[in-house]
Amino acid sequence: MSPAHERTGDATDSPSTAGDATAAFQVDLRGVVDLLARHLYSSPRVYLRELLQNGVDAITARVAVEGPRAPGRILLRPLADGGLEVHDSGVGLTRDEAQELLATIGRSSKRDVELGTGREEFLGQFGIGLLSGFMVADEIELVSRSARPAPAGGPARPVRWRGRADGRYELVELSQNDPEAPAEPGSLVRLRPRRDTEHWLAPETVVALAQDFGSLLPVELLVETRLEGAGSSGTEAPVALRRLSGEELPWRAAHPTPAARDAALAGYAERTLGFAPLARIDLDLPLAGLSGVAYVLPAAVAPTTTARHRVYLKRMLLGSAVDDLLPPWAFFVRCVLDASVLRPTASREGLYEDEVLLATRDALGAQVRRWLLQTLAEDSVLARRFLETHHLAVRALALTDDEMLDVAARVLPFETTAGTGTLADLAEAHPEGRLLYTSSVEEFRRIAPVAAAQGLPVVNGGYVYDADLLERVAARFPRWRLSPVSATDVAHVLAEVEPLRELEVADALASLDTALADQDCDVVLRRYEPDALPAMLLHDRDGDHAREAARVAETDDLWGEILAGISGPARPRRLVLNDANATVRDLLATPDADVRAAGARSLYVTAVLASGKALQPAEAALMNDSLSLLLARALAAGPGASSRPDQNADEENR
């Protein structure tokens, strides 16, 4: 037996002379162990993943040595004292290999690449993965027997390595028949919990973690469980072996019929992701060694929701909430997939952003997009359900995709003055006229009653993506004559009042206009349907431009001189009173200037409310003041009084 080799947390300095200009770093191994084992990972739960990964890599290496008939098995054995043993039938370690892999933290080696079988990234190193055990234990023991012969010939002697969280370790060779050594090639890792981490090594936790991380592993993953109550008094209860790993990837498994496969994969989604999918999209990228399933969510989600997917690397779970795997518009699916060439981040809980991931993201997005186009190409039950639930995804993709834009114009529902319908249907119903759209919900609600009564086709573009989408549709389908609505467009369908009527109410209109001057609102009088609507508030973009020009003219002398000649005093909003409405006619007829002003302000605030827009504090105060004055006047006039002087005079004469 070789003497034990021990190193403490301090690195050994190489000799230096007085004239040296450089010096070696002082490495605190205790700090390195703490950094790697307690701060690199997000949770102690990954300790078992790393131990399983080491076991799988060692088994893969043994297959390379002995061929496909080499055993592939990992056994988890919870101990009676609260510890845990992890046995694997892998290639094992010689003393020199253990010294190289476990004694020098962070150094890559040819042997490590062989053990990792392509896991050449930093965390893939065998020793680094083993250090994750220090998150739950202060000491890690590894006993290993190599499947390779010793350099001098004959079987290599087994080795035992004990590492401590303070940075010290010991490495010894054991005799061939030492009872602590595995009888066959492979390794045994033994952990005993540190105080306050006992729950991470509890049998039920070990089983749950092993199922989560290793259920798809291509090796036989077993856990040893004790049969409670089966042993007699004073004897140890017998044990049973429970297999945790599956035989095949769920989406690769054979089924007797397509319907059986659909049912099996839907059940897998319910067990794994927690929902019954609306539909399923098969994913397959042979060049990336990637396969899996994208499940369509059964309920709508916000476009800003981060899509998190379940990703396996070489059938080991990388993470159940991996993001940035699909383009942002594909927020309506959740994926379960396995890949072999994607690079994990240092903590192996996410994917490294490189050219391979970018190409994979585009390729997966193309497969989801192809399914989407095929599904929406026909008027099926699935297509209708998808549009009802995930129409925002179609809108998001159509903003950048011309082919999807053509589909969106044909199938997407929009709110219009003619009811809910598609743009194609609306254009077909008005082949000779213009189609208008608003850029806000409030603007649509203001003009919708009048536009609908006049047969003016207006689309509500105030919802998410719709204004930009309608702008793209207008450019792609010029024959539809689709354009943003303006106050002028609506004014053209409103009937002018007769000249005599306009002269009759000119003074009253001027007083109303003055009453609303502080609200940047002009007052005009028109006749329109429905006559039950007393007033309509229009937003004039030209008025916005004029107001901005006036602001610049006040603050900038040079631009002020230029803009003064081209800008006018137009106000950005216009309150269009309906002369066909009895309340408006009464308001214009009253001789009481205060009542007219209060009535105008009340109609203005009512028009704002009709648009669905929340009142600002100043507007709420305006409404309260107006109602107070109108109520006071009504109470002072007494019951049966009318604000119309001709009616009061007739009543006095009678």
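Quick note: the coordinates plus some simple rules give every number you see, no bench work behind them. Just so you know, these numbers come straight off a predicted model, no measurement behind them. Positions of Cβ are backbone-derived with ideal geometry, glycine not excepted, and every protein chain shown enters the neighbour counts.
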Per-residue Cβ neighbour rank within 10 angstrom, fewest leading, Ser175, Ser187
Ser175, Ser187
Residue-wise HN-Hα coupling along segment 425-440, computed from phi with Karplus coefficients 6.51, -1.76, 1.60 (Hz; x: Gly, Pro)
5, 5, 5, 5, 6, 10, x, 9, x, 8, 9, 10, 9, 9, 9, 8
How are the alpha carbon pair distances in segment 410-463 distributed across 10 Å bins from zero to the largest one, expressed in percent?
27, 60, 13
Sites Phe275 and Leu500, calculated FRET efficiency, Cβ-Cβ separation with R0 56 Å, nearest 0.05:
0.25
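Highest first, please rank the peptides 208-214, 426-432 by the mean number of other Cβ atoms sitting within 10 Å of their residues.
On the way: 208-214: 19.7, 426-432: 13.1.
Highest to lowest by the protection proxy: 208-214, 426-432.
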If you stretched the chain out fully between Ala620 and Ala253, how much longer would it get, using 0.36 nm times the residue separation minus the C-alpha to C-alpha distance?
125.6 nm
Rank these for me by crowding, Tyr352, Tyr604, Tyr268, going from fewest to most other beta carbons within 10 Å.
Tyr352, Tyr268, Tyr604
Quick calc: nm separation of the 7 Å Cα→Cβ label points for Leu399 and Gln211 -> 4.1 nm
So what J values fall out for segment 173-187 if you push phi through Karplus, 6.51 cos²θ - 1.76 cosθ + 1.60 with θ = phi - 60°, rounded to Hz, Gly and Pro as x?
8, 10, 6, 4, 9, 4, x, 6, 7, x, 5, 10, x, x, 9
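How fast does segment 258-310 diffuse by Stokes-Einstein, in µm²/s, taking the Kirkwood radius from C-alpha pairs at 25 °C and 0.890 mPa s?
On the way: Rh = 12.4 Å.
The diffusion coefficient I find is 199 µm²/s.
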May I ask you to sort Ser245, Ser144 by Cβ crowding, counting other Cβ atoms within 10 Å and putting the fewest first?
Ser245, Ser144
If amide hydrogens are placed 1.01 Å from N in the peptide plane, which non-local residues have theirs closer than 5 Å to the one on Arg73?
Ser89, Glu220
A correct Stokes-Einstein calculation for segment 258-376, using the alpha-carbon Kirkwood radius, 25 °C and 0.890 mPa s, returns a whole-number D in µm² s⁻¹ of 169 µm²/s
List the trypsin sites (Lys or Arg not before Pro) within segment 247-282 that fall in a DSSP loop (any state other than H, G, I, E or B) and whose Cβ has at most 12 other Cβ atoms within 10 Å.
Arg252
Rounded FRET efficiency, nearest 0.05, which uses the C-beta distance separating Arg410 from Val341 and R0 of 35 Å
0.35
Taking the Cα of Ala510, stepping 7 Å toward and past its beta carbon, and measuring to each backbone N in segment 591-610: which are under 15 Å?
593
Please turn the phi angles of segment 252-257 into ³J(HN,Hα) values with the Karplus equation 6.51 cos²θ - 1.76 cosθ + 1.60 (θ = phi - 60°), one per residue in order, whole Hz, x for glycine and proline.
9, 5, 7, 9, x, 9
In nm, to one decimal, how far is the modelled label at Asp362 from the one at Ala80, with both set 7 Å along Cα→Cβ?
6.2 nm
Just to verify a number: FRET efficiency for Arg243 and His199, C-beta to C-beta distance, R0 = 25 Å, to 0.05?
0.55
Could you tell me the center-to-center distance, by alpha carbons, between segment 390-421 and segment 313-360 in angstrom?
30 Å
